[in-house]
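See structure below.
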Amino acid sequence: MKYVLALFVSSLIFSCGIKEVANVTTKEVSTVGEFLFEGPNTLQGPSTLQLKELANKAGTDPNKIKAIYLSGATVAFSPGILRGSVESVLVQWVSDDLPLVSVATKSPLPATGPITLEANPNEDLLAYLNDPSATLVVDVNLTGDADQLDATVSFDLNITY
Amino acid sequence: MKKNYLFVLALIILTPLFATDGDQLVGVWKPSEGRSLIKIDKIGNKYYGRIVWLKSPKDENDEPRKDVNNPDESLRETPLRGYRILKDFEYDPEEKLWVGGTIYDPRNGSTYDCKIELKDDGNTIEVRGFIGAAVFGRTDTWTRMKKK
């Protein structure tokens with residue numbers, strides 16, 4: 001009986017400590033900037049990622065999510081934009097209540113093919129993805145002027161629950 | 001055509017009504033060392049400043065200077081030109097200060113608490129970086145760049 005009890009208690013402790021991690025690729029988030037000049041510019045857009053949607057993809061409940069970390073990110077620019085006209089990309093999240101956090105960067109950009117960013121795996125993004133006022137900010141350095149530039153960003157997330 | 005003129009006229013009249021005292025910080029500023037220019041703009045209700053010009057934009061390998069001292073290795077490839085060194089400032093109308101933000105020093109990769117005060121001339125700010133209490137810090141005077 002003593003052994004059964006010990007086994008039960010240890011399995012209970014062990015099960016409480018288990019964390020599950022789901023890898024989820026998000027839909028694209030759009031950002032836009034207008035009247036841009038050569039040099040540093042900013043594109044912005046509301047963060048349209050919904051925690052509920054991410055939780056569904058991860059197969060869990062939004063309330064059970066403990067942390068969300070970035071494992072990868074890709075960016076694509078509006079068709080017609082010459083690849084060489086964008087020198088660098090820095091993706092950030094911010095909201096009225098949360099500080100601006102840098103999550104992915106690339107410099108210089110590859111001449112061809114998809115633009116895979118260097119992801120910052122150290123920031124927990126749960127609070128940002130849970131904040132309806134969150135904004136995605138994409139800083140770009142341009143080699144020339146542009147009337148408008150659109151960028152879409154998608155993220156690979158590790159969701160811990 | 002007449003409608004367009006009326007719209008532009010309304011915009012000119014109404015725009016100052018939407019600008020707040022805090023927006024006086026928006027603009028391009030030159031730190032005392034003169035080796036960079038910082039453009040301060042607003043995202044949501046907070047103010048951010050980024051490097052828009054560097055006196056020496058290239059490193060010893062003739063490559064754009066990057067944030068090589070960032071404590072986060074994943075961000076060390078980010079170019080310094082365009083980097084946001086001032087983050088998350090909010091305007092305190094009672095104190096007439098921009099507070100709650102941070103300033104990043106790319107020379108050593110350190111981030112400090114920071115507050116900003118606009119001097120009476122409207123074209124000079126005192127940027128004070130500190131750790132913990134504001135008495136332990138350093139103040140730098142920045143000058144507003146104006147269009148010629």
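Candidates are the residues of the range B:23-79 that are within 30 Å of A:ASP131 (Cα to Cα) and more than 14 Å from chain A (Cβ to nearest Cβ); the one that is surrounded by the most Cβ atoms within 10 Å (Cβ to Cβ) is B:LEU25.
For every residue, the table says whether it meets (1) modelled with pLDDT under 85; (2) farther than 13 Å from A:ASP150 by Cα.
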position: A:TYR3; (1), (2): yes, yes
position: A:LEU7; (1), (2): yes, yes
position: A:SER11; (1), (2): yes, yes
position: A:SER15; (1), (2): yes, yes
position: A:ILE18; (1), (2): yes, yes
position: A:ASN23; (1), (2): no, yes
position: A:VAL29; (1), (2): no, no
position: A:PHE37; (1), (2): no, yes
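A quick yes/no check of all residues on (1) assigned to a strand (DSSP E or B); (2) free of Cβ contacts under 8 Å to residues at least 24 places away in the same chain:
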position: B:GLY34; (1), (2): no, yes
position: B:ILE51; (1), (2): yes, no
position: B:SER56; (1), (2): no, yes
position: B:ASP62; (1), (2): no, yes
position: B:ARG81; (1), (2): no, no
position: B:ASP88; (1), (2): yes, no
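Only one entry in B:GLY34, B:GLY44 is closer than 17 Å to B:ARG107 by Cα, among the small types (Gly, Ala, Ser) and out of contact with any His (no Cβ under 8 Å at 6 or more places or on another chain), namely B:GLY34.
Taking the stated definitions as given, is A:ASN120 within 14 Å of chain B (Cβ to nearest Cβ) and in contact with a Pro (Cβ under 7 Å, 6 or more places away or on another chain)?
no
Selection of the range A:128-148 for residues being away from chain B (no Cβ under 14 Å) and either touching a helix residue (DSSP H, G or I) at 6+ places or on another chain (Cβ under 7 Å) or among the hydrophobic types (A, V, I, L, M, F, W, C) (or both) yields A:LEU129, A:ASN130, A:GLY144, A:ALA146.
With respect to the conditions (1) over 18 Å from the mean Cα position of the chain (by Cα); (2) of a type outside the set (A, V, I, L, M); (3) part of a strand (DSSP E or B), B:TYR104 lacks only one, and its number is (1).
The values are calculated or read from the model by the stated rules, or taken from the named source; none is laboratory data. What you are looking at is a predicted structure, and each value in this text was computed from that prediction instead of being measured. All Cβ positions, glycine included, derive from the backbone under ideal geometry; neighbour counts span all protein chains shown.
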